[in-house]
Amino acid sequence: MTAIPFDNTFAQLPAQMFTTLAPTPVKAPAWIARNDDLAATLGIDAEWFGSDEALAVFAGNAPAAGSHPLAQLYAAHQFGHWNPQLGDGRAILLGEVVGTDGLRRDIQLKGSGRTPYSRSGDGRSWLGPVLREYLVSEAMHAMGVPTTRALAAVSTGEDVYREARLPGAILTRVAQSHIRVGTFQVHASRGDIEALTALFEHTVARHYPDAKTPNDLLHAVVQAQAELVAKWMGLGFIHGVMNTDNCSVAGETIDYGPCAFMDNYHPAKVFSSIDQMGRYAYGNQPGIAAWNCAQLATSLIPLMPDRDAAITQFTETVNTFADHYEAAYLDVFATKLGLADRTAQDRALIDNLLVMMADGGADFTNVFATLGTDAAVDQFTDRDGFAAWQARWVALRTDDHLSTMARANPQIIPRNHQIEAVITAAVTGDLGPFHKLLSVITQPYAPLDENREALAIPPTDQEVVTQTFCGT
């Protein structure tokens, strides 16, 4: 029986691009969660997936047949500052699988022990960030946002030390790849043309087979990132740490550290405890994504025969981000409002609504979830202003706007205070709230009922979460 049908290609790239090593075993692994639907898509044997052997693999205690465990090398601009070497400091890529849908994906353990890239870190994750990433990544997938996903989570039976002693856990993460802008940056900065060329060819073959040149690849990434961030904006999602090592060239949301969904809307909203200057605030995310694409462009220049011509061409390509983003943003929000067209008049209507929401501190998710119902006006402090806006909206929306909006506006999101409550319970050994929340947020568009209504309520003043934290 082939438990996991590995078919590895990254491990065949030049050896300087990664370090081959196995995960560090843990003391007493136990299941937290398994994603049976995702396992089936990956072609993982269902009977094996629930076995003790599988538990040992996902805890890092036993090798998986056909795997080629490795830690990838990359660099990054972190909050705008260059760090010439990072890499998988607490993650091991087990290998790749081609799923039943024909897509190739990575299977990676996160929190699996120290690697040569750990620096001063312990290579481990504590339970909280594992549960947060599991919940948020699966919610994002359910809402149609390109994202890494959670295949499994296990507890380790060992403690890790952050501000206090905390229970350890490992997340098994699945991605189209773990190739980042920072993966290109490290090889370009070292002048390693062999590795850079191999990475370019691998990325094109894996993600953008129609791309023929570095500029084709750059354009594809620019468009993918523009469309991705527009989806984030449409959900009130704040990534929290958009460094270039957290920017996937596949256009997926990756690395759910200090991420958060907004409750009360404001474009300057920041949650990350390490983002003191608001670089990665909600409203700054499109500009940062374009900036990250510019760093990819710089890294691709060594592959071009004429540096000056490449700079000119790549600059033009990066500058297309604004148009791609504007089109994607308008489409996302026009769909959320059930509008018929994608015009300047529509954009003005969207902008006016967001200004009114910001001025009144309206709940982002519940405004869109209640539009078209009698409850919508209750979301606003300026009821007359909303009534005037609503009259304009009625004139622009489609006849079937409610069905369109129902498919675009989640009733439920994983709110910060709910995630914190789940983590608090889990630390005491109670995983019931985690599984309950997971079952609800993976059906975000289902109508509210008595079992779901409580999870749609914004936090009280005492429940508000003002800061989120990176798991390291």
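Within the shell of other residues whose beta carbon sits under 14 angstrom from the beta carbon of ALA406, the net charge comes to +2, with Lys and Arg scored +1 and Asp and Glu -1. Helix content alone sets the calculated 222 nm mean residue ellipticity of the chain: runs of n ≥ 4 DSSP H residues at -39500 (n - 2.57) each, divided across all residues, give -12500 deg cm²/dmol. Counting only DSSP beta bridges with both residues in the chain, the antiparallel share comes to about 95 percent. Whole-Hz ³J(HN,Hα) for each residue in the stretch 262-268, computed from phi via Karplus 6.51 cos²θ - 1.76 cosθ + 1.60 with θ = phi - 60°, x for glycine and proline: what do you get? Per-residue couplings from phi come out as 5, 8, 5, 7, 7, x, 8 Hz.
Karplus-based coupling profile of the stretch 105-115, in residue order and whole Hz: 9, 7, 10, 10, 8, 10, x, 9, x, 5, 9, with θ = phi - 60° in 6.51 cos²θ - 1.76 cosθ + 1.60 and x standing for Gly or Pro.
Label sites at ASP36 and ALA406, each approximated as a point 7 angstrom past Cα along Cα to Cβ, lie 2.8 nm apart. Shape class for the chain, computed from the alpha carbon gyration tensor (a ≥ b ≥ c): oblate, with a/c not under 1.5 and a/b at or below b/c. Expressed as a whole percent, the accessible surface of the chain that belongs to carbon and sulfur atoms is 51, based on a 1.4 Å probe. In the assembled protein chains, SER155 presents an accessible area of approximately 40 Å² (probe radius 1.4 Å). Does the stretch 1-157 classify as rounded, prolate or oblate by the C-alpha gyration tensor (a ≥ b ≥ c root eigenvalues; a/c under 1.5 gives rounded; else a/b over b/c gives prolate, otherwise oblate)? Rounded is the answer for the stretch 1-157, as its axis ratio a/c remains below 1.5. Could you tell me which helices of the chain pass both thresholds, a Cα extent of 27 Å or more along their own axis and a mean Kyte-Doolittle hydropathy of at least -0.5, with helices taken as whole DSSP H runs? Helices meeting the criterion: 214-235. Distant-in-sequence amide contacts of ASN8, defined by a placed amide H-H separation under 5 Å and a gap of 5 or more residues or a different chain, comprise GLU96.
Summary value for the chain: 15 percent relative contact order, contacts being C-alpha pairs under 8 angstrom separated by 6+ residues. Across the stretch 63-73, computed HN-Hα scalar couplings (Karplus, 6.51 cos²θ - 1.76 cosθ + 1.60, θ = phi - 60°) run x, 8, 4, x, 7, 9, x, 7, 10, 7, 9 Hz from first to last residue, x flagging Gly and Pro. For the pair the stretch 1-40 and the stretch 392-431, the centres of their Cα atoms are 32 angstrom apart. By how many nm would the segment from HIS435 to THR9 lengthen if fully extended, with 0.36 nm per residue of separation less the alpha-carbon distance? That works out to 149.9 nm of additional length. Per residue, the accessible area of the stretch 251-403 comes to 43 Å² when a 1.4 Å probe rolls over the protein heavy atoms.
Modelled spin-label separation between ASP52 and GLN345, with each label point placed 7 Å from Cα along the Cα-to-Cβ direction: 7.0 nm. Near ILE32, the amide H atoms lying under 5 Å from its own belong to ALA153, VAL154, SER155; only residues 5 or more places off or on other chains count, and H is placed 1.01 Å from N. The residues of the stretch 156-239 expose on average 34 square angstrom of accessible surface per residue, using a 1.4 Å probe on protein heavy atoms. Taking square-rooted eigenvalues a ≥ b ≥ c of the alpha carbon gyration tensor, is the stretch 284-395 rounded, prolate or oblate, where a/c under 1.5 means rounded and, failing that, a/b exceeding b/c means prolate? It is prolate, given that a/c is not under 1.5 and a/b is the larger ratio. Taking 0.36 nm per residue of sequence separation and removing the Cα-Cα distance, the VAL377/LEU448 pair yields an extension gain of 23.7 nm. For the chain, the Cβ-based charge dipole about the Cα centre amounts to some 900 debye (Lys, Arg positive; Asp, Glu negative; other atoms uncharged). Taking amide H as placed 1.01 Å from N in the peptide plane, THR147 has its amide H under 5 Å from the amide H of THR253, each at least 5 places away in sequence or on another chain.
The values are calculated or read from the model by the stated rules, or taken from the named source; none is laboratory data. Computed from a prediction, not measured in an experiment: that's the story for all the values here. Quick reminder, even Gly has a Cβ in these numbers, built from the backbone with ideal geometry, and neighbours come from all protein chains shown. Accessible surface areas use protein heavy atoms only, side chains included; no ligands, DNA or RNA. Shrake-Rupley method; radii C 1.70, N 1.55, O 1.52, S 1.80 Å.
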